[in-house]
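Enquirer: The structure's right below; bear with me while I get my questions together.
The values are calculated or read from the model by the stated rules, or taken from the named source; none is laboratory data. Keep in mind it's a predicted model, so treat the numbers as computed, not measured. Neighbour counts are summed over all protein chains in view; Cβ atoms, including those assigned to glycine, are modelled from backbone coordinates with ideal geometry. The protein model used for the area step is the full one, side chains on, heavy atoms only, and it has no ligands, DNA or RNA in it. Shrake-Rupley method; radii C 1.70, N 1.55, O 1.52, S 1.80 Å.
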Amino acid sequence: MSEMWINMGPQHPMTHGLWNLRVKVDGELIVDADPEIGYLHRGIEKICEYRRYNEVVTLMDRTCYVAGIAWEQLYIMAAEEALNINPPPRAEYVRVLSQELQRLSSHVMWYAAYVQDIGLMTPFLYGMRDRDLILDLFQSYTGARMTYEFMRVGGVRNDVPVGFTDRCRKVMDWFDQRLPEYEKVCDNSTIFLERTKGIGVLKAADCVNDGVTGPMLRAAGVDRDLRRDRPYSVYPELDFDVAVYDAPDCYGRYRVRMEEMKQSVRIVRQVLDWLDRNPGPVLAEKVPRFVGTPSPPPGKEIYVERRGYPKGRGFSAMEEPHGEAMAYIINEGAEHPYRAKLRSPVFVNIAASKDYLVGYRVSDIPAIMGSVDICVGESDR
Amino acid sequence: MTDLTLATLLPALESRFGPDVKVLPSRKEVLGVVQVKGERLVEVARFLHDQGTFTHCALVSGVDWIEHIEVLYHLWSDALKGYLELTVETAPEEPHVPSVTSVWRGANWHERETWDMLGVRFDGHPDLRRVLMPEGYRFHPLRKSFELHEPEELEVKARHV
Amino acid sequence: MNATNTSGTARIITHVKETDPMEPEVPFAEVEAVQSKEYIPVIKETLTGMIQRGLDAATKPVFNWAGRNSLFPLHWGLACCAIEFAAGFGARWDGERFGVVPRSSPRQCDLLIVNGTVTWKLSHKLITLWEQMPEPKWAIAMGNCATGGGPFRTAYSVVPGVNKLIPVDVYIAGCPPRPEAMLDGILRLERLIRERRA
């Protein structure tokens, strides 16, 4: 049988975004894979060098459009490190609340898209409906559904409104009912089980060497979650379990995400209780003024100008819904970051796709690539 | 190595590689910052991977300092629960660093991206192509000599050329 | 590598046929052949053309009515707006009640919703997809990126507005637009198509 290359993408129902999966097939069998990305490369790292610290937050929302607030916090943590600013505790709790709500909405979005790919139509409608409830919560305190522009160097823009915690508790109660129902739809479906169990296996050792992170890594049985292992923000004060499953296939990844959603609900409840008890400011008082003043048009100003602000470097890593994301900011004492580097978990997870695609059939590709949870905006930046 | 700590690892690294490795002052968010000479990079990487439990190469990136180009590696250790920062300096003209893909396969696309964005060649990389920009693009956009312009300015410029 | 550059000046590469200026566009031999053609086929052609035009005029309102009430957009997601596009077909907004059903093949579509940032790397694929769609077809630029580059208009890799590549009928503002705004854009396009019937 002769081998041939097939292009799947950039416009393909499987891709969920703009990328091109080139697979070499021998009949139905995949023998090689060469993913091609960059169709959504928007030069975010370069534009960051032209923007003041607070203005970069706008770009971070658009970096990953299903988990915008996670990237906001990632960038803000690195920038605060580089500028040596500490946010007040209430701001940290509002951030963690946003994080976990975002994780919940991102995983629900993944569930909606993935199970539809597998062949069940109802979960898409379930998922989109329940995701809108979380987006309504976001809208009530950030003003936007997806692109929030909520976090600031030294805190968050505003506090949660009056009555928010009760509304949020109601949504969490609703999710308590819904999450078992989500699982019931999948676990009682022979189609789903047949198409996910034992498909797309990537063993733990390969995961680690390939740099794969997030639910894929934990599904392979590696017990690593940066929220617990390298604590940031106020996660050490919260009580939660890390979801680990010992089946490195599509089904294991689904299981890990389902468990993470339950843990997110648990964390949100704890944060809401804390917020009820502890009022306070949400923005640090001593934030240098230039951090947020309007920017001149790009190209008009030399960005290495020095204003006597102490230089520094900031590095932050966090557990984003897709995996471990990192940001590296170099502050050279100017109003703009000298260099902003973002590490996207999806970028690496796509890069490793050869290792978990080879040996399976062409018809398994949607099931395998869907289980990775790809967000192209994040991988291409 | 179960009794591995950072206090023993960094001196062991310094004693083994001598003047090719320099431990720089650390910052609070990383375990340590180590400057490595380009020629010994793969050996150091192999040592850190095998003896130092740094099994996960999280990030390869680069910074254009105009006088030189700095390539950064962030390595994660499950035993030490933290990141180690390796930095390598290279010349701005024809910058090149040995590739660490033989140690961590995960560094593959990170190195391709660094080549794409900063023009750093990775010697021994199995497949050094552009990853984000299309093949045949002439520039390396994250160099400081590359400037951004409003699209209107560009159109005017193009008309005058 | 390059000390100075005019970097982002990426150009649209359209398919321009190289022609020799010394050589006339139509070879002389062919012109003569056309002139010496017998007149019967010409009359035949004119007649069929007339019938075709007549039929077109008679059926156009019907096709217009049918077409504008069942716009099939191409099912593809570029960036952030694609998520709102998907939400617009979810349970709360239910875009399909307007007869708008996303299809996965450009051959089945008559509406291209550009829902996100278009990069120069993508531009060729976008034009290919647009050319694969059968006439009559319309395009909607959804969101600020597709309209004019949005927050990324200064980037070296981004097309500042998709109207540099394909003709756009309706622009929807927002970053990203809410699903209501997207549905409103589709309804405005329907109104435009109805007005063009005359």
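Enquirer: Enter the mean number of other protein chain beta carbons within 10 Å of the beta carbon of each residue in C:72-85, as an integer.
Expert: 5
Enquirer: Here's something else I'd like to know. Total Å² of accessible surface buried at the A-C contact, 1.4 Å probe, nearest 100?
Expert: Buried area between the two chains comes out at roughly 3000 Å².
Enquirer: Under 15 Å Cα-Cα from A:K203, which aspartates and glutamates qualify once same-chain neighbours fewer than 8 residues away are excluded?
Expert: A:D223, A:D246, A:D249, A:D355
Enquirer: Less than 19 Å apart at the alpha-carbon level, and either on another chain or at least 8 residues along: which aspartates and glutamates does that give for C:K125?
Expert: The reachable aspartates and glutamates, counting only those whose Cα sits under 19 Å from C:K125, are A:D34, A:E36, A:D380, B:E135, C:D110, C:E135.
Enquirer: Related question: How far is it, in nm, from the label point at C:S70 to the one at C:I127 when both lie 7 Å from their Cα along the line to the Cβ?
Expert: Computed distance between label sites C:S70 and C:I127 equals 3.3 nm.
Enquirer: Rank A:W5, B:P151, A:V244 by how far each Cα sits towards the positive end of the charge dipole of the protein assembly as shown (+1 on Lys, Arg Cβ; -1 on Asp, Glu Cβ) and give me just the farthest.
Expert: B:P151
Enquirer: Further, regarding this structure: Can you give the FRET efficiency for A:L125 and B:R129, using 1/(1 + (r/R0)^6), R0 = 51 Å, r = Cβ-Cβ distance, to the nearest 0.05?
Expert: 0.80
Enquirer: Using the Cβ atoms and a cut-off under 15 Å, what net charge is assigned to the surroundings of C:W93, where Lys and Arg are +1 and Asp and Glu are -1?
Expert: Computed value for this residue: -2.
Enquirer: Another one. List the aspartates and glutamates whose Cα sits under 15 Å from the Cα of B:K37, skipping any in the same chain fewer than 8 residues away.
Expert: Cα-Cα hits under 15 Å: B:E14, B:D20, B:E70, B:E85, B:E89, B:D123.
Enquirer: How much of the DSSP beta bridge set in the protein assembly as shown is antiparallel, as a percent to the nearest 5?
Expert: Here the share of antiparallel DSSP bridges comes out near 75 percent.
Enquirer: Carbon and sulfur atoms: what percent of the 1.4 Å accessible area of the protein assembly as shown do they account for?
Expert: So the carbon and sulfur contribution to the accessible surface is 54 percent.
Enquirer: If one computes P(r) from the Cα atoms of region B:6-160, what percent of pairs lie at distances over 20 Å?
Expert: 52
Enquirer: A:E181 to A:K24: extension gain in nm, 0.36 nm per residue of separation minus the Cα-Cα distance?
Expert: Between A:E181 and A:K24, full extension yields 52.6 nm more.
Enquirer: Let me ask something additional. Taking the Cα of C:F98, stepping 7 Å toward and past its beta carbon, and measuring to each backbone N in region C:109-143: which are under 16 Å?
Expert: C:110-115, C:138-143
Enquirer: Still on this structure, please answer the following. With r defined as the distance between the Cβ atoms of C:L192 and A:R277 and R0 fixed at 45 Å, what FRET efficiency is calculated, to the nearest 0.05?
Expert: Once the sixth-power term is evaluated, E becomes 0.20.
Enquirer: Work out the FRET efficiency for B:T8 and A:A284 from their Cβ-Cβ distance, taking R0 = 41 Å, and round it to the nearest 0.05.
Expert: Plugging the Cβ-Cβ distance into 1/(1 + (r/R0)^6) gives 0.60.
Enquirer: Under a 1.4 Å probe, what is the accessible area of region A:44-346 per residue, stated in Å²?
Expert: 32
Enquirer: Given just the C-alpha atoms of region B:68-139, how large is their convex hull per residue in cubic angstrom?
Expert: Spread over its residues, the Cα hull of region B:68-139 gives 93 Å³ apiece.
Enquirer: With N set to the residue count of chain A, report its C-alpha Rg divided by 2.2 N^0.38 Å to two decimal places.
Expert: Here the answer is 1.00, to two decimals.
Enquirer: Tell me the volume per residue, in Å³, of the convex hull enclosing the alpha carbons of region A:1-117.
Expert: So the per-residue Cα hull volume is 132 Å³.
Enquirer: Return an integer: the convex hull volume of the alpha-carbon atoms of the protein assembly as shown, in Å³ per residue.
Expert: Normalising the Cα hull of the protein assembly as shown by residue number yields 202 Å³.
Enquirer: Follow-up. Compute the helix-to-body angle for A:68-83: its Cα long axis versus the longest principal axis of chain A, expressed 0 to 90° and rounded to tens.
Expert: Once rounded, the angle reads 40 degrees.
Enquirer: Give me the distance in nm between label points sitting 7 Å out from Cα along the Cα-to-Cβ direction at A:V362 and A:K203, one decimal.
Expert: 3.0
Enquirer: Could you pull out every whole DSSP H run in chain B that spans at least 15 Å of Cα extent along its own axis and averages 0.5 or higher on the Kyte-Doolittle scale?
Expert: Those that clear 15 Å and a mean of 0.5 are B:6-17.
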